[in-house]
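**Student:** Starting off with a structure, shown below.
The values are calculated or read from the model by the stated rules, or taken from the named source; none is laboratory data. On a predicted model such as this, the values are computed, not experimentally measured, just so you know. No Cβ is skipped: glycine too gets one built from the backbone with ideal geometry, and neighbour counts run over all protein chains shown.
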């Protein structure tokens, strides 16, 4: 049957969305009249705002609670449907099933669109009906939407798909043991996490030696003209479309801002290596593959 993690069995699937803004640590000093000791305040970016680190997760949860039911509609509207082509290219380049059945984990995958692509690709290209995907998300509404969609597919009530509510920064080891998965995917999710390094460390932990980490994320546009046009479109049209189609300007304003806070390609590639992965050289076509001039980008690393 379509399996749910233990925490989900008492209700509809809870989800944990792993679309994560860049993690920032700052130190601020304050002195009370009775003490000269300094205190350390850990903060994170929430779009262009700086918020206490402990507040970030709930703020992101509120965003994705708000947009869950209209998430793919808004992706279609804001990208003119191009996000589907990016996701198709992302999955096809990974060739799931080419070397036999794989155990995959798709993090921040609440709506199930990447998981479905992985299973379809393996079945259609390699007659593989044994590859499986564990969909992980921190947001209940996103995961509920993915569970609902998979009920319409041939994978419903099979061991090929399962849904789990969990935090990408601290995957429960009893559900996701060390050295378990062949492929870890996260698409348009890691920029929303509080601590990107923690997400990468967990990805490294759960992958088998030789396993692949693959991240599809919005990134840095390096062409000045394209960057200007992209910024104008992002900051004017996307919040407007959010208002018209979803009645939610603020959530889509945040999504635009979170993209700008994500590390540029060389910096993110360095973070992946620091987590223990091997990557290619720091060039387009090496450690990463730009799409549409860097509007989106695929980063890969291999666990040695």
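**Student:** Is the range 61-73 home to any residue that is in a helix (DSSP H, G or I) and modelled with pLDDT of 95 or more?
**Tutor:** Scanning the range 61-73, I find no residue that is in a helix (DSSP H, G or I) and modelled with pLDDT of 95 or more, so the answer is no.
**Student:** Suppose we keep only residues that are within 17 Å of residue 207 (Cβ to Cβ) and within 15 Å of the chain's Cα centre (by Cα) within the range 159-182. Which one would you say is surrounded by the most Cβ atoms within 10 Å (Cβ to Cβ)?
**Tutor:** Among those residues, the one meeting the criterion is 168.
**Student:** Going by the conditions given, is residue 221 touching a helix residue (DSSP H, G or I) at 6+ places or on another chain (Cβ under 6 Å), in a loop (DSSP other than H, G, I, E, B) and either without any contact (Cβ under 8 Å) to a residue 40 or more places away in the chain or under 26 Å from residue 71 (Cα atoms) (or both)?
**Tutor:** In short, yes.
**Student:** Still on this structure, please answer the following. Provide a single number: the residues in the range 183-203 that are surrounded by 20 or more Cβ atoms within 10 Å (Cβ to Cβ), touching a residue at least 60 places away in the same chain (Cβ under 8 Å) and assigned to a helix (DSSP H, G or I).
**Tutor:** So the count comes out to 4.
**Student:** Based on this model, can you work out whether residue 216 counts as surrounded by 18 or more Cβ atoms within 10 Å (Cβ to Cβ), within 24 Å of residue 178 (Cα to Cα) and in contact with a helix residue (DSSP H, G or I) (Cβ under 7 Å, 6 or more places away or on another chain)?
**Tutor:** When the stated conditions are applied, residue 216 passes them.
**Student:** Right, something else. Identify, from the list 231, 284, 250, the residue that is surrounded by fewer than 18 Cβ atoms within 10 Å (Cβ to Cβ) and touching a strand residue (DSSP E or B) at 6+ places or on another chain (Cβ under 8 Å).
**Tutor:** 284
**Student:** Restricting attention to the range 265-285, does a residue exist that is assigned to a strand (DSSP E or B), over 26 Å from residue 119 (Cα atoms) and in contact with a helix residue (DSSP H, G or I) (Cβ under 8 Å, 6 or more places away or on another chain)?
**Tutor:** Yes.
**Student:** Sort through 77, 127, 115 and tell me the only one that's more than 18 Å from the chain's Cα centre (by Cα) and modelled with pLDDT of 95 or more.
**Tutor:** None of the other options fit; the residue is 127.
**Student:** Let me ask another. I need the full set of residues from the range 97-156 which are under 22 Å from residue 206 (Cα atoms) and assigned to a helix (DSSP H, G or I), in order please.
**Tutor:** Matches in the range 97-156: 113, 114, 115, 116, 117, 118, 119, 122, 143.
**Student:** Also, I was wondering about something else. Please name all residue pairs, on different chains or six or more residues apart, with Cβ atoms under 7 Å, provided the first residue is in the range 69-83 and is surrounded by 17 or more Cβ atoms within 10 Å (Cβ to Cβ) and the second residue is assigned to a loop (DSSP other than H, G, I, E, B).
**Tutor:** 71/111
**Student:** In contact with a strand residue (DSSP E or B) (Cβ under 6 Å, 6 or more places away or on another chain) and either assigned to a helix (DSSP H, G or I) or buried (at least 21 other Cβ atoms within 10 Å of the Cβ) (or both): which single residue out of 259, 244 fits that description?
**Tutor:** Of 259, 244, the one residue that is in contact with a strand residue (DSSP E or B) (Cβ under 6 Å, 6 or more places away or on another chain) and either assigned to a helix (DSSP H, G or I) or buried (at least 21 other Cβ atoms within 10 Å of the Cβ) (or both) is 259.
**Student:** Do any residues in the range 238-253 that are at pLDDT below 85 have Cβ atoms under 6 Å from those of residues that are surrounded by 17 or more Cβ atoms within 10 Å (Cβ to Cβ) and not in a helix (DSSP H, G or I), where the two are at least six apart or on different chains, and which pairs are they?
**Tutor:** Correct list of pairs: 242/248.
**Student:** Could you grab me the full set of residues in the range 96-112 that are within 12 Å of residue 182 (Cβ to Cβ) and within 12 Å of the chain's Cα centre (by Cα)?
**Tutor:** 105
**Student:** Within the group 193, 215, which residue is modelled with pLDDT under 95 and within 18 Å of residue 301 (Cβ to Cβ)?
**Tutor:** Just one listed residue meets the conditions, 193.
**Student:** Give 303, 270 a once-over and let me know the one that is more than 28 Å from residue 58 (Cβ to Cβ) and buried (at least 21 other Cβ atoms within 10 Å of the Cβ).
**Tutor:** Testing whether each residue is more than 28 Å from residue 58 (Cβ to Cβ) and buried (at least 21 other Cβ atoms within 10 Å of the Cβ) leaves just 303.
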